[in-house]
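K.L.:
For reference, the structure I am asking about is given below.
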Amino acid sequence: MLQFNHISSVQEQLKSLAKTSRIGFVPTMGALHEGHLSLVEKARKENDYIVVSIFVNPTQFDNKEDLEKYPKTLENDLKLLKKVGCDLAFIPKVEEIYAKNIVSEHFEFGGLEHQMEGKFRKGHFDGVATIVKKLFEIVTPTNAYFGEKDFQQLQIIKALVKQEKMPIHIVPCPIFREKDGLAMSSRNTRLTKEHREVAPFIYETLNKAKQKFQKESVEEVEEWVKKEFETQSLLEMEYFTIAEETTLLPAKTKEKGKKYRAFIAVFAGKIRLIDNVVF
Ligand code: AMP
């Protein structure tokens, strides 16, 4: 597996390959777990050459401490990537990507960017779209893989490639969970023992809410979820939203033929966890 820190080395390596090979790309922020690896494994099956980037992108963080304390396990990440058949790991420094100007480009995605994560993490999606656009320009992948764990991000990236007319196929990948249901996340390693123990409550509640959604109204289900979290002193719910899958607009009533998904963000102490489930 090749390991590059510089854009020019990546471009040099991919220049001749891009004409004849399908390049599969998985952007990550490192601290890799099985969820990330499932994306690389899927990419491996569908492409000739696999590129994985590891870059903790400063412009997508709205919380300084979250950025500073973001887990870093580079040596282990590289070991895992070799195992799953990654061909090229791109590990740039912040200056390589942003030079001295660590700011985002501003994007509009027809309203997708104003819902949920966009509402609660100001500037987050400008940061995400900025880095993904830059990485897409460097790697020029055929297929790029994104987890449904960050479903809103996935929809935004689909909108980004359409808007920027980039000929890249965006491939959604299912959420990988721990045995107890907690969605895998690099941030899970930062949970205290107590918070880790109660964290599966998030997925349990989403599943119960899904059952309720069969018979009850959007408002009733949302109210029920809010009350459930009030019983948990260690978890603080930031939002729970039932939204239509493509527009991500909050559902008001249930309409036949529409697909709904429920989204949640919860603080377990200082650690912010997100999850979502098809309704
Ligand atoms: P991150 O390193 O958190 O930026 O994630 C890199 C990619 O892995 C994103 O497309 C995420 O949606 C995806 N991902 C992270 N956690 C999971 C998971 N538990 N299951 C599936 N995909 C995931």
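The values are calculated or read from the model by the stated rules, or taken from the named source; none is laboratory data. On a predicted model such as this, the values are computed, not experimentally measured, just so you know. Cβ placement follows ideal geometry from the backbone for every residue including glycine, while neighbour counts extend to all protein chains displayed. These area figures cover heavy atoms from the full protein model, side chains too; ligands, DNA and RNA do not enter into them. Shrake-Rupley method; radii C 1.70, N 1.55, O 1.52, S 1.80 Å.
K.L.:
If you roll a 1.4 Å probe over the heavy atoms of the protein chains, what accessible area per residue do you get for the range 18-137, in Å²?
P.N.:
That works out to 48 Å² for each residue.
K.L.:
What length, rounded to one decimal in nm, is gained on full extension from Gln232 through to Glu216, with 0.36 nm per residue of separation minus their alpha-carbon distance?
P.N.:
Details: separation 16, 0.36 × 16 = 5.76 nm, distance 2.30 nm.
Going from the current span to full extension adds 3.5 nm.
K.L.:
Hey, got the dipole for the chain? About the Cα centre, +1 on K and R Cβ, -1 on D and E Cβ, debye to the nearest 20?
P.N.:
Values: 43 positive and 41 negative charges, 117 e Å.
In debye, rounded to 20, the chain gives about 560.
K.L.:
Now for a separate question. Springs between alpha-carbon atoms under 10 Å, Gaussian network over the chain: tell me which of Glu108, Glu178, Glu164 tops the mean-square fluctuations.
P.N.:
Greatest mean-square fluctuation among the candidates belongs to Glu164.
K.L.:
Please report Rg (one decimal) and Dmax (integer) in Å for the Cα set of the chain.
P.N.:
19.1, 58
K.L.:
Where the only charges are on Cβ atoms (+1 Lys, Arg; -1 Asp, Glu), what is the dipole of the range 162-279 about its Cα centre, to the nearest 20 debye?
P.N.:
In debye, rounded to 20, the range 162-279 gives about 420.
K.L.:
Taking the convex hull of the alpha carbon atoms in the range 27-129, what volume per residue do you get, in Å³? Walk me through the numbers before you get to the answer.
P.N.:
Numbers: hull volume 13.1 nm³, N = 103.
About 127 Å³ per residue, rounded to a whole number.
K.L.:
Here's a follow-up. How much of the accessible area of the range 129-279, probe 1.4 Å, is carbon plus sulfur, in whole percent?
P.N.:
Numbers: 3890 of 7500 Å².
Heavy-atom surface of the range 129-279 belonging to carbon and sulfur, 1.4 Å probe: 52 percent.
K.L.:
Would you work out what percent of the accessible area of the range 1-67, with all protein chains in place, is carbon or sulfur (probe 1.4 Å)?
P.N.:
Values: 1490 of 3090 Å².
With neighbouring chains kept in place, the figure for the range 1-67 is 48 percent.
K.L.:
Along the charge dipole of the chain, which of Phe240, Val103, Ala144 sits closest to the positive end, that is, farthest toward it, with unit charges on the beta carbon of Lys, Arg, Asp and Glu (+1, +1, -1, -1)?
P.N.:
Checking the options against the dipole of the chain, the answer is Ala144.
K.L.:
Something else about it: Enumerate by residue number the GluC sites (Glu not before Pro) in the range 232-279 meeting two conditions: DSSP loop (anything except H, G, I, E, B), and at most 10 other Cβ atoms within 10 Å of the site's Cβ. The partial results should precede the final answer.
P.N.:
On the way: sites: Glu236, Glu238, Glu244, Glu245, Glu255; in loops: Glu245, Glu255.
Here the GluC sites (Glu not before Pro) that fit, given the DSSP loop and packing criteria, are Glu255.
K.L.:
A further question follows. How large is the charge dipole for the range 228-272, taken about the Cα centre, if only the Cβ atoms of Lys, Arg (+1) and Asp, Glu (-1) carry charge, to the nearest 20 debye?
P.N.:
On the way: 8 positive and 7 negative charges, 55 e Å.
In debye, rounded to 20, the range 228-272 gives about 260.
K.L.:
Taking a probe of 1.4 Å, how large is the accessible area per residue of the range 200-279, in Å²?
P.N.:
On the way: 4370 Å² over 80 residues.
Computed with neighbouring chains in place, this is 55 Å² per residue.
K.L.:
Give me log10 I(q)/I(0) at q = 0.21 Å⁻¹ for the range 57-113, Debye formula, one equal scatterer per alpha-carbon, no solvent.
P.N.:
These q points yield log10 I(q)/I(0) values of -1.01.
K.L.:
Sticking with this one: Which Cα, out of Val198, Phe213, Met116, lies furthest along the positive dipole direction of the chain (beta carbon charges, K/R +1, D/E -1)?
P.N.:
Positive-most Cα among the choices belongs to Phe213.
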